1. In a shell of Cβ-Cβ distance under 11 Å around residue 94, excluding residue 94 itself, what net charge do Lys and Arg (+1) and Asp and Glu (-1) give?
2. Give me the Debye-computed log₁₀ of I(q)/I(0) at q = 0.07, 0.15 Å⁻¹ for the chain, equal point scatterers on Cα only, no solvent, two decimals.
3. Can you tally the net charge around residue 156? Count Lys and Arg as +1, Asp and Glu as -1, for every other residue whose Cβ sits under 15 Å from the Cβ of residue 156.
4. How much of the DSSP beta bridge set in segment 5-238 is antiparallel, as a percent to the nearest 5?
5. Going by the alpha-carbon gyration tensor, a ≥ b ≥ c the square roots of its eigenvalues, is segment 180-238 rounded (a/c under 1.5) or, if a/c is not under 1.5, prolate (a/b greater than b/c) versus oblate?
6. For the chain, what relative contact order do you get, as a whole percent, if you take Cα pairs closer than 8 Å and at least 6 residues apart?
7. Could you compute how fast segment 76-210 diffuses translationally, taking Rh as the Kirkwood radius over C-alpha pairs and applying Stokes-Einstein at 37 °C with viscosity 0.692 mPa s? Give it in µm² per second.
8. For residue 20, what is the net charge nearby, where nearby means another residue's Cβ is under 11 Å from its Cβ and Lys, Arg count +1, Asp, Glu -1?
Amino acid sequence: MTSPIIAVAAHTDVNQFQSRTSAVPMAYTDSIERAGGIPFILPFTMKLEALHQVLAHADGVLLPGGFDLDPEFFHQEPEPTIGKVERTLDLFQMKVIELAMEQQMPILGICRGAQVINVVMGGTLYQDIPTHFPKSELKHMQKTLSFDTDHGVSFSPGSRLYNCFGPDIEINSRHHQSIKDIGKDLTVTAISPDGVIEAAQHNSLPVDLIQWHPELMMQKNDDMLPLFQSFVNSCQKKA
């Protein structure tokens, strides 16, 4: 059986020589490989024909974490607490999602990736969780890059995440933005104890939005392996 090929949409970054790069943390590609898939980095480009040609060789797409989104894309003014944004990166990843969805390709969005999918589907975001959830006792933004869990999350019965993990699990947390209004054709599938949306899925397409960082947890143990296996298996069906 041929292993499915999964495009990981790159972020833009600056290397040690101050040159712009297309980059993906290896935790994402490692997780795909451990789940039986073959990852490749989809580099930043604004050339639509290039994206069409490259995605023609992919069986699925993963959108990783990263910068905040430009709030203009969800009809908000920037708040004082917003982090770094890069409009061209937003446009690139939005186009990747649109093309992949046109082909009904499986998509897994992690952290920022989940937020981009929600915005593409017409949803909105909270630009800063502490500002909008002032009574929450949870720290959704860990101070350090951590592999350890931080709080619990409950899954909706019948959802793909429920089928992977059961009713609830412990997750890590490294984000200060989250979904506010859910996008069209998306259903919330996981909520943290303070009411922050932690996951959603498309109603008819194999598209999952995950707010926490399962790829980091995979660096410590296999607790998140069922999630990546479920994604890779859906890509296998496409292949």
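What follows is calculated from the coordinates using simple rules that are stated; it is not laboratory data. Please read all numbers here as calculations on a predicted model, not as lab measurements. Positions of Cβ are generated from backbone atoms using ideal geometry, with glycine treated the same way; all protein chains shown enter the neighbour counts.
1. Details: positive: 87, 95; negative: 70, 90, 98.
My count for the surroundings of residue 94 gives -1.
2. The computed values of log10 I(q)/I(0) come out as -0.20, -1.02.
3. Around residue 156, the surrounding residues sum to -2.
4. Values: 21 of 37 bridges.
Of all bridge pairs located within segment 5-238, approximately 55 percent are antiparallel.
5. On the way: a/c = 3.10, a/b = 1.14, b/c = 2.72.
The shape class here is oblate.
6. Taking the mean separation of contacting Cα pairs over the length of the chain, I get 22 percent.
7. Details: Rh = 15.5 Å.
Rounded to a whole number, D works out at 212 µm²/s.
8. Details: positive: none; negative: 13, 86.
My count for the surroundings of residue 20 gives -2.
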